[in-house]
Every structure is written in structure tokens, then in C-alpha cells.
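My questions will all concern the structure given below.
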Amino acid sequence: MDRILQGISGVGRRQKGMENAMASLTAEMKHMRLDIAGFQSQVLGLEQRVLTVETHITSFTDRDQELLYLQSKLIDLEDRSCRDNVCFLGFPETIEGADIHSYLRETLPKLTGLTFDPPPGISEGAQAWS
């Protein structure tokens, strides 16, 4: 009978120990839930930041394409400007008179031996001194 009583009291102690262990596990799980909730909040914040960065990258990519297009147009315009520049050397000063455009329209066919129909268009004319 003593053995039975000792066994019963041992069960009570074990039950108390299990209750303490369960309380400890419950408290630990509550801490874990709080930690997980904090991590979820941080992950959501990071996802938002990544989305913002992706949006900026897309915007920069679009702007980069636009910049490349504008650079190619600028190069083309510079090339055209250089092709349009013609310099005639060896003419005495003021030979063209008051109207350099008319002078060049008359002189170019004589110098080249070509006939132009219509006459060449001259967008600008100026005398340059070296």
C-alpha cells in the first residue's frame, strides 16, 4: 500500500512538472509568435522597398533608352552640320559683294562646271578669316 501511495504522489509530482513544462512551452510559443509577427512586418517592409527599387530600375531603363536615342539624334545632327559646312579658300575679301548667297549661286556652277536645276540652296553664308 505504501508503494501505491508513493506512486500516486509521484504521479502528482510528475503532473506538476508537466504543467510547469507546458507553461514554459506556452510562454516560449507566445514569444515565438511575437518574433514571427515582427519578422512578418519586416519582410513586408522589405518587399515594399524591393518593389520601389524595381520601379526605379524600370524608370531608369526607360530613361536610358531615351538617352541613347537622343544621343544618336545629336550625333546625326552634328554629322549633318559638318557635312553641310563647305569652305572655299583663296577668294579675295569682299569679292562676293553685298550678297554672298547670290554670288555663291552664280559662282558654284562656273567653278564646278555643273548645271544645277534648281540652283543649289544655301542656308547660310559668311566670310571667315584665318
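The values are calculated or read from the model by the stated rules, or taken from the named source; none is laboratory data. Values in this document were obtained by computation on a predicted structure and should not be read as measured data. Neighbour counts are summed over all protein chains in view; Cβ atoms, including those assigned to glycine, are modelled from backbone coordinates with ideal geometry.
When you scan the range 85-107, how many residues do you find that are acidic (D, E) and exposed (fewer than 10 other Cβ atoms within 10 Å of the Cβ)?
1
Further question: Restricting attention to the range 61-113, and to residues there that are of a type in the set (F, W, Y) and not in a loop (DSSP other than H, G, I, E, B), which single residue is modelled with the lowest pLDDT? If you could, list the steps in order and put the result at the bottom.
Narrowing the range 61-113 to residues of a type in the set (F, W, Y): 69, 88, 91, 103.
Then keep just the ones that are not in a loop (DSSP other than H, G, I, E, B); that gives 69, 103.
On the way: Y69: 96, Y103: 79.
Filtering first and then ranking leaves Y103.
Quick one: is D84 in contact with a Ser or Thr (Cβ under 9 Å, 6 or more places away or on another chain) and of a type in the set (D, E)?
On the way: in contact with a Ser or Thr (Cβ under 9 Å, 6 or more places away or on another chain): yes; of a type in the set (D, E): yes.
Spelling it out, D84 is indeed in contact with a Ser or Thr (Cβ under 9 Å, 6 or more places away or on another chain) and of a type in the set (D, E).
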